[in-house]
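Colleague: Dropping the structure in here first, questions after.
The values are calculated or read from the model by the stated rules, or taken from the named source; none is laboratory data. Bear in mind the structure is a predicted one, so any value in this text is a computation, not a measurement. Cβ placement follows ideal geometry from the backbone for every residue including glycine, while neighbour counts extend to all protein chains displayed. Areas reflect the complete protein model, heavy atoms only, side chains present, ligands, DNA and RNA absent. Shrake-Rupley method; radii C 1.70, N 1.55, O 1.52, S 1.80 Å.
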Amino acid sequence: MAIETIMAAERNNNITDTIRSYSKRLFGFIRQRVASKEDAEDILQDVFYQFAGNPEPIEQATSWLFTVARNKITDSYRKKKLPLVNDLSFTAAQDDEGFDWKEVLFTTNDSPESTYLRNLFWEELQEALDELPKEQREVFIQNELEDVPFKDIAAKTGVPVATLISRKRYAVLHLRDRLAGLKDELLNY
């Protein structure tokens, strides 16, 4: 009984030490990739909750934590309907080559192939968003992913609506170009 108590206390200390060691860096990593501080805090909490509840030993804590964080970020984008997809012409019933993007991105089918394609899309989208200048990324995320009207963004930031629309337009053009390669790659696979 005493050995189990000692082992449990040691595990709790290891978890606490890991959380202390990584929380600031991990929060910064997450915060750069999500729209709000609150979202970053929620994702960080989910990562550490998963870490604390993991029954398996973790050999590379840093790699494990950042991988889980990246997956949680992707999941948070995935949970939100993505109006961008309409703008990128991915949800048209079928494109010229007969490829139905709507089936790939919004299907409830959890086959390994559809899960892989959805994950690939969301990862590419995240990378493409990370490439944008901060102002373009923020207005795009707020307007498209969080459904915040331009008028509200303008009131909050003091940036004119016309400027916000322009920033979003540049973001959409970049994302359209960036994700076109993924479409071509999938069609030629």
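Colleague: Of all helices (runs of 4 or more DSSP H) completely enclosed by the stretch 121-189, which ones contain at least 2 residues that are open to solvent by less than 30 Å² (accessible area, probe 1.4 Å) and in contact (Cβ under 8 Å) with a residue 12 or more places away in the chain?
Modeller: Per the criteria, 134-140, 161-187.
Colleague: May I pose another question? Looking only at the stretch 49-71, decide whether some residue is part of a helix (DSSP H, G or I), free of Cβ contacts under 8 Å to residues at least 60 places away in the same chain, of a type in the set (D, E, K, R) and open to solvent by 20 Å² or more (accessible area, probe 1.4 Å).
Modeller: Yes; the residues of the stretch 49-71 include at least one that is part of a helix (DSSP H, G or I), free of Cβ contacts under 8 Å to residues at least 60 places away in the same chain, of a type in the set (D, E, K, R) and open to solvent by 20 Å² or more (accessible area, probe 1.4 Å).
Colleague: Check ILE3, ILE30, ILE58 and return the single one that is in contact with a helix residue (DSSP H, G or I) (Cβ under 7 Å, 6 or more places away or on another chain) and either at pLDDT below 80 or farther than 23 Å from PHE121 by Cβ (or both).
Modeller: ILE58
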